[in-house]
Amino acid sequence: MGSTVPGMTEIGADWRVVDGVATAWFDAPSLIEGAALAGRIVELSADTVVDLRATGIRVRLDSAEHAEAVSAAARDLGLAANPDVLQRLSVVFESANPAVVRQFWQRVLDYAPGNDGGLADPLRRDPAIRIRHSTESRPLRNRIHLDVVRPAAAVEQASLGEGSGPYGVRHADPDGNEVDLVPGAALDERNGTADWQVVFSAMACYRVSSPAQQRDLVAEAATLADDAGFPLLIDLRPGLVIVDSGKDQWEDDAHGLDVDFTDLAGKLQTAARQLGATADPGLPRFAQLFLDAADVAAVRAFWVAALGYLPDRRDGVSDIHDPRRLNPVLVFQELDTEETERRRQRNRIHFELAVPSDLARTRLAATIAAGGRLLDESQDRWRVADPEGNEMVIVSRP
C-alpha cells in the first residue's frame, strides 16, 4: 500500500506517514550496508533526515520528491523496507498557561517553537514537546518527569537558577512539571577523545562542509564500528553527523561486549578530523522520561509491551529502550504507596505515540492486552492508561 502526506501526492509502499512526516525504515545487516544507502540518500538531497543503526536505517522526508529514488537505491542494495517498526514517541504538557511553560522548556532543551504551538529540536532529535491548553486543576507533583543532559556550558547558559533535589539539578516550570537538568562531562581526559561528551550517552557532533564529506564520514564511522563489533548510532542532519554510543553503552557493564569504547571513540575522532569535519561541543544532548510507580514491575511490563521496547540487560537497572534506539529511554522508580492523592491525580504530562494508520488498531490491541485501559477515542486518536493511570495517546494522523 502507499501513503499520503498533506501537500504530497501518493508515496510508495515502503513509506508511511508518522507524525505528519513521510518515514521509512529499511532493514540492514550491518552499519556498513546501511551507510551505503545513507551515502546514496545524501547524494539525492543533503536535507534528508537519516538515522543509521546496526540493524537498519530510518529515513524521514519533508516532501515526496525523493521517496521513489530512496526506495530504488535500497532495492539496488538489497535492503527491504519494514514499516511495522515505525513509531514516534512525544511528550505532551497540559497547562492553563502554555506560553509560560513553553518558555521554560525552550531554555531547558534549546528547542525552537513548532508549528503546532509546541517545541521541536532544530536538529530533528526526539522527543518533540507538545503543549496543550487545559484548565483542569492538578496541583500535586507529577508521576512523570524528564531528565535532560547537556554540556556543562549549555546547562549554565540555560540560567534556570539554583537546582533542588538530592543532586541539586532538579528544576520546575511554573506549573510544577519537573526536569533534572544534568551537566555532561568529557568522555576521557586524553586528547584523543576531546571531541566527545558524556551526556549519559557518549556523543560527538561533527559539522561537515559538503555532502561528500558527510558521506565519507558516515562510511568511515560505520566501518570502524562494525570492525569493533559495536552498534554505534549515526545520525545525519543537514551539515552534521552525530555519532553516539546510546545511553550508558560507552560503559563495559552496559554493552557487555569485548570492546573498549574509549579506544573506538579515539579512532572515530581521528577519522573525522582527517576528513576535515569539525566538532561542535555545544550540540550533544540526551533526554529520557522518568515514571514513578508503586508497582514498578507491572508498570514497566506495560510500557515494554505498549512501545515494543526492550529491558536493560543489567541487574537492578529499570531502564527500557527502543530496540533501534530511535525513541526516548524510559526509566522507572518506586513511588511511596502512601502518597494516595498524588497517585490518584492525573499527570499534567502524558505521552503521545504516533504510528502509521494501518498499524494503529494492532498497536491499540497490544496495549490493551498488556493491561492498558481505553479511556476514550476519537478519529485517529485513542487515549489509554497504564495500570497506575499514566496516560498515552495513540495517534495515526494522515
Exercise. Going through the range 99-128 one residue at a time, which ones are among the acidic types (Asp, Glu) and either part of a helix (DSSP H, G or I) or surrounded by 15 or more Cβ atoms within 10 Å (Cβ to Cβ) (or both)?
Worked result: ASP110, ASP121, ASP126
Problem set entry | Meets criteria (buried (at least 19 other Cβ atoms within 10 Å of the Cβ) and assigned by TED's automatic domain parsing to the domain that holds ILE41) for ARG237 | yes
For this session: Scan the range 243-260 for residues that are part of a strand (DSSP E or B) and of a type in the set (Asp, Glu) and report the count.
Result: 1
Exercise. Any residue in the range 232-242 that is of a type outside the set (D, E, K, R), part of a helix (DSSP H, G or I) and over 27 Å from ARG363 (Cβ atoms)?
Worked result: no
For this session: Taking only the range 316-340 into account, find how many residues are charged (D, E, K, R) and modelled with pLDDT under 95.
Result: 3
For this session: Being touching a residue at least 60 places away in the same chain (Cβ under 8 Å) and of a type in the set (Val, Ile, Thr) is the filter; apply it to the range 306-359 and report the residue that is farthest from THR55 (Cα to Cα).
Result: ILE349
For this session: Could you please give the count of residues in the range 295-324 that are assigned to a helix (DSSP H, G or I) and either charged (D, E, K, R) or crowded, with 20+ Cβ neighbours inside 10 Å (or both)?
Result: 6
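Residues in the range 142-153: is at least one on the phi > 0 side of the Ramachandran plot and surrounded by fewer than 15 Cβ atoms within 10 Å (Cβ to Cβ)?
No, that holds for no residue.
Output the residue which, of all residues in the range 369-382 that are free of Cβ contacts under 8 Å to residues at least 24 places away in the same chain and in contact with a strand residue (DSSP E or B) (Cβ under 9 Å, 6 or more places away or on another chain), is nearest to ALA294 (Cα to Cα). Steps first, please.
Applying the first criterion (free of Cβ contacts under 8 Å to residues at least 24 places away in the same chain) to the range 369-382 yields 373-382.
Narrowing further to those that are in contact with a strand residue (DSSP E or B) (Cβ under 9 Å, 6 or more places away or on another chain): 373-377, 380-382.
Numbers: ARG373: 18, LEU374: 21, LEU375: 21, ASP376: 24, GLU377: 27, ASP380: 31, ARG381: 28, TRP382: 25 Å.
So the residue we want is ARG373.
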For this session: For LEU289, indicate whether it is touching a strand residue (DSSP E or B) at 6+ places or on another chain (Cβ under 9 Å), under 30 Å from GLY168 (Cβ atoms) and not polar (S, T, N, Q).
Result: yes
For this session: Quick one: GLN249 ticks every box in (1) assigned by TED's automatic domain parsing to the domain that holds VAL208; (2) touching a residue at least 60 places away in the same chain (Cβ under 8 Å); (3) crowded, with 20+ Cβ neighbours inside 10 Å; (4) of a type outside the set (D, E, K, R) except a single one, so which number is it?
Result: (2)
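Output the residues belonging to the range 92-111 that are aliphatic (A, V, I, L, M) and either in the same structural domain as ASP51 (by TED's automatic domain parsing) or over 18 Å from LEU181 (Cα atoms) (or both).
Step one: list which residues in the range 92-111 are aliphatic (A, V, I, L, M), which gives 92, 96, 99-101, 108-109.
Hits for the range 92-111 are VAL92, ALA96, ALA99, VAL100.
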For this session: Looking at (1) surrounded by fewer than 22 Cβ atoms within 10 Å (Cβ to Cβ); (2) assigned by TED's automatic domain parsing to the domain that holds ILE32; (3) touching a helix residue (DSSP H, G or I) at 6+ places or on another chain (Cβ under 8 Å), find the lone condition where TYR206 falls short.
Result: (1)
Problem set entry | Check on ALA212, farther than 25 Å from ALA35 by Cα, out of contact with any His (no Cβ under 7 Å at 6 or more places or on another chain) and either at pLDDT 95 or above or outside the structural domain of ILE234 (by TED's automatic domain parsing) (or both) | no
Seminar exercise, completed: In the range 49-67, anything closer than 16 Å to ILE242 by Cβ and either outside the structural domain of GLY239 (by TED's automatic domain parsing) or surrounded by fewer than 19 Cβ atoms within 10 Å (Cβ to Cβ) (or both) is listed as ARG60
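Just a yes or no: is a residue in the range 158-166 assigned by TED's automatic domain parsing to the domain that holds ARG342, assigned to a loop (DSSP other than H, G, I, E, B), more than 24 Å from the chain's Cα centre (by Cα) and of a type in the set (Gly, Ala, Ser)?
Of all residues in the range 158-166, those assigned by TED's automatic domain parsing to the domain that holds ARG342 come to none.
No, every residue in the range 158-166 fails to be assigned by TED's automatic domain parsing to the domain that holds ARG342, assigned to a loop (DSSP other than H, G, I, E, B), more than 24 Å from the chain's Cα centre (by Cα) and of a type in the set (Gly, Ala, Ser).
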Problem set entry | Residues (part of a helix (DSSP H, G or I), surrounded by fewer than 14 Cβ atoms within 10 Å (Cβ to Cβ) and among the hydroxyl-bearing types (Ser, Thr, Tyr)) located in the range 344-394 | THR362
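The values are calculated or read from the model by the stated rules, or taken from the named source; none is laboratory data. Given the structure is predicted, the values throughout are model-derived calculations rather than measurements. In this analysis, Cβ positions are derived from the backbone assuming ideal geometry, glycine residues included, and neighbour counts consider all displayed protein chains.
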